[in-house]
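Following: one structure in structure tokens, then a few remarks.
Nothing in this text is a laboratory measurement; each read-out follows from the coordinates by a stated rule. Because the structure is a prediction, the values reported are computed rather than measured. Glycine gets a Cβ as well: all are built from the backbone with ideal geometry, and neighbour counts include every protein chain shown.
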């Protein structure tokens, strides 16, 4: 994703979550997101197997009823 | 004028044996805050009248020979993301000023008060804990007590500065990516970031649910351990609290480091440390080497990826948490962090998911490393305190953005959830400013990190220094 694509993404994603951004703010946000994209790429290169699960997993609360 | 920094343990001991009155200790503390805080800007609110009442009750109990708590009469203050009954929990923000006052103190505040510690006020921080410098636009920057033109670190900047300035010997802060360890390093005080999930977070304003930690700052290592012991305890009402029992550390502090396997982290932790930070680590390693062998150049697994994953999880969870308010009140947010928050709220879900999947693999690699080590040492910050307003720093010839880069060396450690003691060291060539070192142990082994801290304290290499305030 180049800088222009990042800005397009920011505008589209903001609209998707109902967040209004003026042009100046969208540009500043895109600079941050572009930096984060580089970090995401670092993780993309990290080998993960399909069975590597997220650190945080949902756990149902105990449900005590007579059986 | 001479202003010795009060120690937690000596203050508690003097009050317990009747050598000093809690009311007198408190008045000295109030006078010190009055004399210094216009310059330091550590406090955002005070509760001196309630503190006076509590101190008088402690003195009355002492006069009746009733048992006192282990921290009876020790003044303390808390980062203003902790609930304090009757006040809105600001979390460094303008937005929260309109929130309803807290109905009860945060659980950790309750535990300190139950141990006899006396709450005197709430402390400045980066807005919503998203920063490492406490350059808070709404409440002003907290200034470093050792050099008022420099930052105190963040996001718990008020918590570090209040101890360094001798205003209170004990404070509470939070640490998601380094927010206890960074201000400890830059202000030259002791700090403890416990294991992730060790201390309850109930009654504190969240930032990143899956990485937030709470912990103490202190003026002396035994006092820090004493406070930590008081703060411990399971809390079934906090889904993020995984502690099942209290594991006291005070009784084992004086075991020393004999028999411990101690190493110094190399690679990433050297590459991102300036000469002053490297010197601080060398000073700590040399002091411990008097007791045990200390190996250098130990490799920590995947630190750059861990920092990236911590950054992504932080941005995503933090941004998502604030998205509802950002829709209508973005103009009231901290200008230094609001665009980062929005960026985080818009991140693709796949970045976040991949970071969380990496975290599990990473956790297992870190735990495997600790099969061979008890305590690992690394700098807490790449540099000493920078001037307020600094945008860029140079680390070994590479230019880094100053504010986020203060956490370069702390983020990989907290992402694994390891406990860390931040010890105050005083390398040369820093214009009198400190740089802290991280004493890192395996998850749930705070006792080992604290024992190493005590060894550094007893060696005389790690300590607080009086300011000229």
Open item on the list: Out of the residues in segment A:7-29 meeting the condition of being more than 8 Å from chain B (Cβ to nearest Cβ) and within 19 Å of residue B:325 (Cβ to Cβ), tell me which one is surrounded by the most Cβ atoms within 10 Å (Cβ to Cβ).
Closed with: A:26
Task: Residues satisfying the stated conditions in segment B:48-72, i.e. in a loop (DSSP other than H, G, I, E, B) and either touching a strand residue (DSSP E or B) at 6+ places or on another chain (Cβ under 6 Å) or more than 30 Å from residue B:249 (Cβ to Cβ) (or both) - done: B:64
TODO: Taking the residues in segment B:340-352 that are more than 7 Å from chain A (Cβ to nearest Cβ) and either out of contact with any helix residue (DSSP H, G or I) (no Cβ under 7 Å at 6 or more places or on another chain) or within 18 Å of residue B:125 (Cα to Cα) (or both) as candidates, determine which candidate is surrounded by the most Cβ atoms within 10 Å (Cβ to Cβ).
DONE: B:341
- [ ] Check whether at least one residue in segment B:385-394 is touching a residue at least 12 places away in the same chain (Cβ under 8 Å), over 15 Å from the mean Cα position of the chain (by Cα), part of a loop (DSSP other than H, G, I, E, B) and on the phi > 0 side of the Ramachandran plot, and report yes or no.
- [x] yes
- [ ] Test residue B:469 against the criterion of being over 18 Å from residue B:215 (Cβ atoms), in contact with a helix residue (DSSP H, G or I) (Cβ under 6 Å, 6 or more places away or on another chain) and outside any strand (DSSP E or B), and give yes or no.
- [x] yes
Task: Residues (without any contact (Cβ under 8 Å) to a residue 60 or more places away in the chain and surrounded by 15 or more Cβ atoms within 10 Å (Cβ to Cβ)) located in segment B:41-56 - done: B:52
